[in-house]
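Asks: Would you mind keeping the following structure in view while I ask a few things?
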Amino acid sequence: MTRNLIWLAVTAAFSAQSQDAQHDAHTDSLERIVVIAPMHSPLDIKTDPKAPRQPLPAQDGADLLSSIAGFSLVKKGGASSDPVFRG
């Protein structure tokens, strides 16, 4: 029993070492890529609900949100809809 456990431990160690060596060889062959770019501020949108919108003013909150970039509407029936924020 002890001999089987020792044999199992030795084969597991060699197997792990072999996989680690293959992983290192694969990652060493890749080129390093450096990206340099100026930092931008996060997207910040402010809207005035009293400002006139074209073509028609908002009928409800969902209509108001649909005029803002990043929002869309999912129709629930008759005149109702649910706003959906993307991102």
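Asks: So the check is Cβ under 6 Å with 6+ separation or different chains; which pairs have a first residue in the range 69-86 that's polar (S, T, N, Q) and a second one that's not in a strand (DSSP E or B)?
Replies: These pairs meet every condition: Ser81/Ala62.
Asks: Related question: Give just the number: which of (1) modelled with pLDDT under 75; (2) assigned to a helix (DSSP H, G or I); (3) within 28 Å of the chain's Cα centre (by Cα) does Pro42 not satisfy?
Replies: If we test Pro42 against (1) modelled with pLDDT under 75; (2) assigned to a helix (DSSP H, G or I); (3) within 28 Å of the chain's Cα centre (by Cα), just (2) comes out false.
Asks: Just to be sure, is Thr11 surrounded by 10 or more Cβ atoms within 10 Å (Cβ to Cβ) and at pLDDT 75 or above?
Replies: Taking the combined requirement at face value, the residue does not satisfy it.
Asks: When you scan the range 48-55, do you find a residue that is at pLDDT below 70 and in a helix (DSSP H, G or I), even just one?
Replies: No, because not a single residue in the range 48-55 is at pLDDT below 70 and in a helix (DSSP H, G or I).
The values are calculated or read from the model by the stated rules, or taken from the named source; none is laboratory data. What you are looking at is a predicted structure, and each value in this text was computed from that prediction instead of being measured. Every residue, glycine as well, gets a Cβ built from its backbone with ideal geometry; the counts of neighbours run over all protein chains shown.
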